[in-house]
Amino acid sequence: MRTEREMMNTLIDFAKNDARIRLVTLEGSRTNKNIPRDTFQDYDISYFITDMDSFKKDDVWLNVFGKRLIMQKPEDMELFPPELGNWFSYLMLFEDGNRIDVTLIPINEVDDYFSNSDGLVEVLLDKDDLVKSEVVANDQKYWIKKPTAREFDDCCNEFWWVTTYVVKGLARKEILFAIDHLSEIARPNLLRMMSWQIGLERGFDFSAGKNYKFINHYLPKEDWETLISTYSQGSYTNMWEALFTCYELFRKYSKSVVEGLGYKYPDYDEAITKYTQNIYQSLNE
């Protein structure tokens, strides 16, 4: 597998030797000092260019980066509509395991790029001194944020409301419907509530990671194991257990946030819990 230095040299040297590329930036986890380095991290590179069409007319120029196992061009797909406007990206996995995500950006969109940046950016090459101020990568936009009273109640409302869809799916024997609502909406709000409590304990000056992937570093071991148990969803029995366990965890953490911030605890917890228990019992009589 090519080393980080070899990869970076290849990416920068290519840009140095191509007059169409005027500015190069690195984004994502490789710019974040708080993320441990590993071989699975992407090289998220943006090339700011003068001529988009000359790059897009064929893919031969990409061969300089190595032999690809697979490539995706999100802005050239029909099933999934493009989202990057005038930008064009190439997502590539190579035979040696390295992955490069290259985004081509028109040179006249430099200001928009930096004004909308998430902060995790490093300038690797600037041929024309386009970047006038120092750019220092930071992950502050991803830090846990202290919730307002309204945000707290919105989180509670969304969690308890969506759990009624999980109940409906389980009662109808529509397990995929139930799994989707628990996994995609209800549990993420549980994780959000957990992160708020962690912020109250440790300060709102760090990130729990994308998709809360580092939250296990901050939860008590028993709560982490309880949370993980809710991902066992392969049967209706497991799904009911996961749902009731999510109720218990959400109640525990939301009440703890209430104590820390002095917000009002919602009364629909009790109402929805009773509603769920009644349906569960009726299905098992």
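A few points about this structure:
- Pairs meeting the criteria (first residue in region 65-76 and of a type outside the set (S, T, N, Q) and at pLDDT 95 or above, second residue open to solvent by 60 Å² or more (accessible area, probe 1.4 Å) and assigned to a strand (DSSP E or B), beta carbons under 7 Å, at least 6 apart or on different chains) are Arg68/Leu93; Leu69/Leu93; Ile70/Leu93.
- Scanning region 247-285 for residues that are part of a loop (DSSP other than H, G, I, E, B), in contact with a Ser or Thr (Cβ under 9 Å, 6 or more places away or on another chain) and among the charged types (D, E, K, R) yields a count of 0.
- Condition check for Ser54: among the small types (Gly, Ala, Ser), open to solvent by less than 60 Å² (accessible area, probe 1.4 Å) and in contact with a Ser or Thr (Cβ under 6 Å, 6 or more places away or on another chain): no
- One residue stands out among those in region 253-264 that are closer than 22 Å to Thr164 by Cβ and surrounded by fewer than 15 Cβ atoms within 10 Å (Cβ to Cβ): the one that is farthest from the chain's Cα centre (by Cα), which is Lys264.
- Answer residue from region 18-54, given it is of a type in the set (A, V, I, L, M, F, W, C) and closer than 17 Å to Arg99 by Cβ and is nearest to the chain's Cα centre (by Cα) among those: Ile35
- Checked across region 130-143, the condition of being surrounded by fewer than 18 Cβ atoms within 10 Å (Cβ to Cβ) and within 30 Å of Asp269 (Cβ to Cβ) holds for at least one residue.
- Residue check for Arg2: touching a residue at least 60 places away in the same chain (Cβ under 8 Å) and under 27 Å from Asp76 (Cα atoms): no
- Among the residues of region 160-205, those that are of a type outside the set (A, V, I, L, M), under 29 Å from Asp139 (Cβ atoms) and either crowded, with 16+ Cβ neighbours inside 10 Å or free of Cβ contacts under 8 Å to residues at least 24 places away in the same chain (or both) comprise Glu184, Arg187, Pro188, Asn189, Arg192, Ser195, Trp196, Gln197, Gly199, Glu201, Arg202, Gly203.
- For region 17-40, filtering for residues that are more than 19 Å from Asn211 (Cβ to Cβ) and at pLDDT 90 or above leaves 10.
- Scanning region 97-109 for residues that are outside any strand (DSSP E or B) and either in contact with a strand residue (DSSP E or B) (Cβ under 6 Å, 6 or more places away or on another chain) or open to solvent by 50 Å² or more (accessible area, probe 1.4 Å) (or both) returns Ile107, Asn108.
- Wholly enclosed strands (runs of 3 or more DSSP E) of region 1-89 bearing at least 2 residues among the aromatic types (Phe, Trp, Tyr) and under 25 Å from Asp112 (Cα atoms): 43-49
Conditions (1) free of Cβ contacts under 8 Å to residues at least 24 places away in the same chain; (2) among the aromatic types (Phe, Trp, Tyr); (3) closer than 29 Å to Ile21 by Cα; (4) in contact with a helix residue (DSSP H, G or I) (Cβ under 8 Å, 6 or more places away or on another chain), marked per residue:
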{"position": "Glu122", "(1), (2), (3), (4)": "no, no, yes, yes"}
{"position": "Lys132", "(1), (2), (3), (4)": "yes, no, yes, no"}
{"position": "Glu151", "(1), (2), (3), (4)": "yes, no, no, no"}
{"position": "Glu158", "(1), (2), (3), (4)": "no, no, no, yes"}
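- The residue that is least open to solvent (accessible area, probe 1.4 Å), counting only those in region 211-234 that are of a type in the set (S, T, N, Q) and either over 28 Å from Phe177 (Cβ atoms) or modelled with pLDDT under 95 (or both), is Gln233.
- Filter result for Phe244 (part of a helix (DSSP H, G or I), out of contact with any helix residue (DSSP H, G or I) (no Cβ under 6 Å at 6 or more places or on another chain), within 18 Å of Phe159 (Cβ to Cβ) and at pLDDT 95 or above): yes
The values are calculated or read from the model by the stated rules, or taken from the named source; none is laboratory data. Just so you know, these numbers come straight off a predicted model, no measurement behind them. Because the Cβ atoms are built from the backbone with ideal geometry, glycine has one as well, and the counts that use them run over all protein chains shown. All accessible areas refer to the heavy atoms of the entire protein, side chains included, with ligands and DNA or RNA removed. Shrake-Rupley method; radii C 1.70, N 1.55, O 1.52, S 1.80 Å.
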